[in-house]
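Below is one structure; the comments refer to it alone.
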Amino acid sequence: MNKFEKFIYTSLAILVGLLIYTVSGIPNTAENHTSVKASSSKTGQSSFWAAEHSPVIGNTNARVTLVEFIDPACEACRAMYPYIKQILSEYPNDVKLVIRYVDFHKESEQAIRILEAARQQGYFNEVLEVLMAYQPAWAPHGKQGIDPWTLFEGSKLAIEKAKTDAQSTEISQIIQLDKQDFKASGSQKTPSFFVNGKPLTLMHPDPLLEMIKKELAPSQTQ
């Protein structure tokens, strides 16, 4: 890396440090614990829309549960991210997002561990926002990217503690359980969405929104 590239990456890290807590458009309601309970998929009942260890963004009592299997390094996940934010913004009381992890790409596991460590400190949404915004910098497919930890230098995230927490066995268990439930769900790619347990078959914001509206519509039965 030459001096100019170092300057660019350093400047990027400083900029993110300044903006990290102002850019997020999602309320910071993700649960911060990482207590892991056995996946009910082991008992033959699919649990992929209600995993107790998963981050939840939005009203926990919402009528619609939107589950997303996300790979933080997935370009399609990044492309859908603004639409998910918009849906949560438009339906703050009626829709909640449950995030499940899949680590298809080599950079993904570290990003997942950073997210979970940040969740313990109460900064899950902010860190997710930054990882999505700067995904091309830390996960440039086929190239060497920057260390994603540098994106949070100068932020309120206690980086050294987060680095230690990121290596916990609890986070390892979360990753493994999510892999199991991803397979049990029948999904084959990321992102994969489920609306109240029903799979989104066409990966586009419009049919996703239609599914949500249908779930929110008053029952037509007498």
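Structure notes:
- Under the simplified labelling scheme, the N196-Q121 pair shows an inter-label distance of 3.9 nm, with each label point 7 Å from Cα along Cα→Cβ.
- Zone residues, region 89-109, relative to E170, backbone N less than 18 Å from point 7 Å out along Cα-to-Cβ: 99-101
- Hz values of 3J(HN,Hα) by residue in region 54-63 - Karplus curve (6.51, -1.76, 1.60), Gly and Pro given as x: 8, x, 10, 10, x, 5, 5, 9, 4, 6
- The distance from the alpha carbon centre of region 62-125 to that of region 168-209 is 11 Å, rounded to a whole number.
- Links that overshoot a 30 Å alpha carbon limit, given the list K161/K198; K163/K198; K96/K143; K85/K214: K161/K198; K163/K198; K96/K143
- Extended-chain gain in nm, criterion 0.36 nm per residue less alpha-carbon gap, A158 and E75: 27.1 nm
- Average accessible surface area per residue within region 115-188, 1.4 Å rolling probe, Å²: 44
- Stretchable slack from M203 to K189, in nm (0.36 nm times residue separation minus alpha-carbon distance): 4.0 nm
The values are calculated or read from the model by the stated rules, or taken from the named source; none is laboratory data. Small disclaimer: the values here were computed from a predicted structure and weren't measured. Glycine also receives a Cβ, built like all others from the backbone with ideal geometry; neighbour counts cover every protein chain displayed. Please note that ligands, DNA and RNA were not included when accessible areas were found on the heavy atoms of the full protein model with its side chains. Shrake-Rupley method; radii C 1.70, N 1.55, O 1.52, S 1.80 Å.
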